[in-house]
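Trainee: Dropping the structure in here first, questions after.
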Amino acid sequence: PMFKRRLFHGPYTREQSIRASRAVIVCLGALSLSSYFWSPAGWVWILVDLLGRAYFNFVLGAMAHEGSHGHLGRTRAANQWWGRLALLPVGVVYVVFKKTHLHHHAHTNVPEKDPDEFLNAPKRWQVPLRALAMPYHWLAWIRRNHIFSRNDWVEYGLNLLGLVFVYGVIGACTGYAQMLIRLVFSEVLHGLLLWYVFALRTHE
């Protein structure tokens, strides 16, 4: 049926899909970062703030995933740029995510070769803790396996400085303690949503 063909294959051209993905990155990135300047009053609005930012960052992570597979532009440079921009509100360095994710696809669930195999914990209660520790595990895995080139380390350092600058400006305007509390809570929710609910179930 025509409906099924349009639903699963989409009526969009590659250029339209790229523009739509970029629009999502700009809109949700702006919403995620600007939300720190909003002061929610009452537990209901605080919950809306935390859940909303966690969901925005979850979608932005999905956009960065598209960039790692070359779906945010026609050139490597374009995908790198938009991938970095997507992960700016998430607080994750794009080159770390890209390198580990491509190795994950090449060696899914192979111990030591798949960085995301870290989630296959021996005890079920360890899974949420490992999900939250995943960004730090990625960096340790990269260093242990000598995955980064010198240029990758330079990009990592510059990207990290960019994150420090952006969140430093936000903290200077809104208060560092308040910003860090809201950032950490949203990142915890985002990590559990991404890894425990989504990634672990799809990679079984």
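The values are calculated or read from the model by the stated rules, or taken from the named source; none is laboratory data. Predicted, not measured: the structure shown is a model, and the values here were computed from it. When we count neighbours, we look across all protein chains shown, and the Cβ atoms used for this are built from the backbone with ideal geometry, even at glycine. Ligands, DNA and RNA are stripped out before the accessible areas are found, and what is left, the full protein with its side chains, is counted by its heavy atoms. Shrake-Rupley method; radii C 1.70, N 1.55, O 1.52, S 1.80 Å.
Trainee: Counting only heavy atoms of the protein chains, get the accessible area per residue of the chain (1.4 Å probe) and round it to a whole Å² value.
Mentor: Spelled out: the 1.4 Å probe surface of the chain, per residue, equals 59 Å².
Trainee: What does the highest-first list of 131-139, 60-68, 175-183 look like by mean Cβ count within 10 Å?
Mentor: 60-68, 131-139, 175-183
Trainee: Taking all protein chains together and a probe of 1.4 Å, list S186, S149 from the most accessible to the least accessible.
Mentor: Highest to lowest solvent-accessible surface, that is S149, S186.
Trainee: Out of the range 59-106, which chymotrypsin sites (Phe, Trp or Tyr not before Pro) are coil in DSSP terms and have no more than 13 other C-beta atoms within 10 Å?
Mentor: Sparse-neighbourhood loop chymotrypsin sites (Phe, Trp or Tyr not before Pro): none present.
Trainee: OK, next. Would you pull out the residues with amide H under 5 Å of N109's amide H, same chain only if 5 or more places away, H placed 1.01 Å from N?
Mentor: E117
Trainee: Residue-wise, which Karplus ³J(HN,Hα) couplings in Hz belong to the range 99-114, taking 6.51 cos²θ - 1.76 cosθ + 1.60, θ = phi - 60°, and x for glycine or proline?
Mentor: Listing the rounded values in order: 4, 5, 5, 5, 5, 4, 5, 6, 9, 4, 6, 8, x, 6, 8, 9 Hz.
Trainee: Taking only DSSP H segments of four or more residues, each worth -39500 (n - 2.57), what value at 222 nm results for the chain once the sum is divided by all its residues, to the nearest 500 deg cm²/dmol?
Mentor: Taking each H run of at least 4 residues, the total per residue is -23500 deg cm²/dmol.
Trainee: Mean separation of Cα pairs under 8 Å and 6+ residues apart, divided by the residue count of the chain: what relative contact order is that in percent?
Mentor: 21
Trainee: Rounded, prolate or oblate: which fits the chain when a ≥ b ≥ c are the square roots of the eigenvalues of the alpha-carbon gyration tensor, with rounded for a/c under 1.5 and prolate only if a/b beats b/c?
Mentor: Because its axes are fairly even, with a/c under 1.5, the chain counts as rounded.
Trainee: Would you please classify the overall shape of the range 101-204 from the alpha carbon gyration tensor, given that a ≥ b ≥ c denote the square roots of the eigenvalues, rounded means a/c under 1.5, and beyond that prolate means a/b larger than b/c while oblate covers the rest?
Mentor: Oblate is the answer for the range 101-204, as a/c is 1.5 or above yet b/c matches or exceeds a/b.
Trainee: Carbon-plus-sulfur fraction of the accessible area of the chain, 1.4 Å probe, in percent?
Mentor: Within the chain, the accessible surface is 68 percent carbon and sulfur.
Trainee: Another question, then. Quick check: from the Cα gyration tensor, does the range 137-191 come out rounded (a/c under 1.5), prolate or oblate?
Mentor: oblate
Trainee: Mind listing which trypsin sites (Lys or Arg not before Pro) in the range 8-92 are in a DSSP loop and have 12 or fewer other Cβ atoms within 10 Å?
Mentor: Sites meeting the loop and neighbour criteria: R74.
Trainee: From the backbone phi of the range 13-19, what are the Karplus-calculated ³J(HN,Hα) couplings (6.51 cos²θ - 1.76 cosθ + 1.60, θ = phi - 60°) in whole Hz, Gly and Pro given as x?
Mentor: For the range 13-19, the Karplus-derived couplings read 7, 4, 5, 5, 5, 4, 5 Hz, x marking Gly and Pro.
Trainee: Under a Cβ-Cβ cut-off of 14 Å, what is the net charge of the residues other than H146 that fall near it, where Lys and Arg count +1 and Asp and Glu count -1?
Mentor: Net charge in that neighbourhood comes out at +3.
Trainee: So if each residue of separation counts as 0.36 nm, and I subtract the Cα-Cα distance between Y136 and I181, what length gain in nm does that give?
Mentor: Contour length minus the Cα-Cα distance gives 14.3 nm.
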